[in-house]
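Right, one structure below, let's go through it.
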Ligand code: HEC
């Protein structure tokens, strides 16, 4: 009954009979797994906010061929080619904003009693050494010991979006999925501690400096949801902010800072009182990093060709810089110190360049040509290089003193290598080869010899607890 009523409403919103036909096709073939209003059930949401940049050809091939080793069936032979294209057009059309308030969130909440009952001294693993490894091919986040490189735990998380976070005391980790789930994992007992669906489609989450609150950037419904980290109960929902593209926790001043997608500014939220203030930025912030001291944000806005330095304490811009190398990818910048100064290195979207920025006076120190446009730069205080992926099979190494490329590693010739993370002491670097039958290759960070290979299905990010408290 509900389904047909929904269908009638949706039909009346559609322009043209082709889309109307696509809607009934969707309800017949897809709604049982993807939800009558496309909000996701056992399958993910099929709405523009979730599908993001996937182009029509890619979506059509998913529908035609299904997704191997998942419940997504192949519709080749069931749907005509025209019907496949109709289905693509339909899932790309705007979805009605869902009703997703406190009661809907709470209806999905599950918290494990066993985890809290068992909270005593956990198994004899050193939590400082733990890694989370995001395995995109299976939707699993693995927990790996950073000394033996053995897998010690795992949790089914779906399509993970944004970096998972450790709480400062390393009792728990929090993971967010693209379809709005927040998963809490108990690092003492190495088991899931609970989950809640905070929205239909989400970008990332942040854990407050005291580990007591979790803020979730929600795209649909648009807003920011703050949860109690212990109970996972929603404490406050900000809806006037519009869609939030990312949220971070600042150590300094105990605040969350959230970038809104369609607003020319940042929301700064006191993590105790949950009061919000708005800081104007002149254009929407589409990407940023916060320097290690937590006071300054370096931000950009898509298409602006500029970097801005924002003082989050004084809530004002302190510098504007032209970006000759095109749109920077700031969220994955690497930081290091040399002769009393702090430096940041970051790649550029579509340009084979690594930029080095000197913090404090905010001058561009160098623009280094690399093999291809990469995505991630990473270093560690005990390591002489910044390791940078290049969108190719090669990870290049830039000497932190001379700012020149002095080495490289190639985990598997012809296969893309990406995302670098170090062990707690920096002795080893982990590099992903994100193939279906992929792997993480572990390098001695000084001799550059590969020491070990661990197989994963499309491994992406790796996060070490000691290096990623924030
Ligand atoms: C039996 C359940 C089921 C049915 C029926 C189904 N799907 Fe899926 N679909 C899934 C699951 C599960 C996934 C996620 C697979 C994974 O883990 O990657 C998925 C993923 C997808 C994706 C990829 C989304 C993304 O960006 O990751 C698309 C597109 C999609 N389905 C479209 C459709 C369409 C269109 C139909 C109807 C013609 C349909 N599906 C019918 C279960 C189903």
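Figures for the structure shown
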item: Cα gyration tensor category, rounded, prolate or oblate, for the stretch 265-305 with a/c compared to 1.5; result: oblate
item: On Cα atoms only, tilt of 56-65 relative to the major axis of the chain in degrees; result: 70
item: Inter-part distance where the stretch 388-456 and the stretch 266-314 are each reduced to a Cα centre, Å; result: 31
item: Alpha-carbon centroid distance for the pair the stretch 56-89 / the stretch 195-212, whole angstrom; result: 32
item: Hull volume in cubic angstrom per residue (convex hull over the Cα atoms of the stretch 70-209); result: 150
item: Degrees between helix 2-13 axis and first principal axis of the chain (Cα, 0 to 90, nearest 10); result: 80
item: Hull volume in cubic angstrom per residue (convex hull over the Cα atoms of the stretch 201-244); result: 62
item: Cβ-based exposure ranking for 412, 351, in which fewest neighbours within 10 Å come first; result: 412, 351
item: Distribution of pairwise C-alpha distances over the chain, 20 Å bins, in %; result: 23, 57, 20, 0
item: Alpha-carbon spread of the stretch 324-470, three principal axes, descending order, Å; result: 45, 32, 28
item: Rh by Kirkwood over Cα pairs, then Stokes-Einstein D for the stretch 195-287 at 1.567 mPa s and 4 °C, µm²/s; result: 101
item: Debye equation applied to the C-alpha atoms of the stretch 313-355, log10 I(q)/I(0) at 0.15, 0.21, 0.24 Å⁻¹; result: -0.50, -0.86, -0.96
item: Ranked by how many other beta carbons lie within 10 Å on average, peptides 430-439, 197-206, 450-459, 272-281 from highest; result: 197-206, 430-439, 450-459, 272-281
item: Relative packing of 208-219, 53-64, which averages over residues the other C-beta atoms within 10 Å, highest first; result: 208-219, 53-64
item: Cα long-axis angle, helix 81-92 against the chain (0 to 90 degrees, to the nearest 10); result: 70
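Computed from the coordinates by the stated procedures, all read-outs in this text should not be read as laboratory data. Please read these numbers as outputs of a predicted model, since none were measured by experiment. Please note: Cβ atoms are built from the backbone with ideal geometry, for glycine as well, and neighbour counts cover all protein chains shown.
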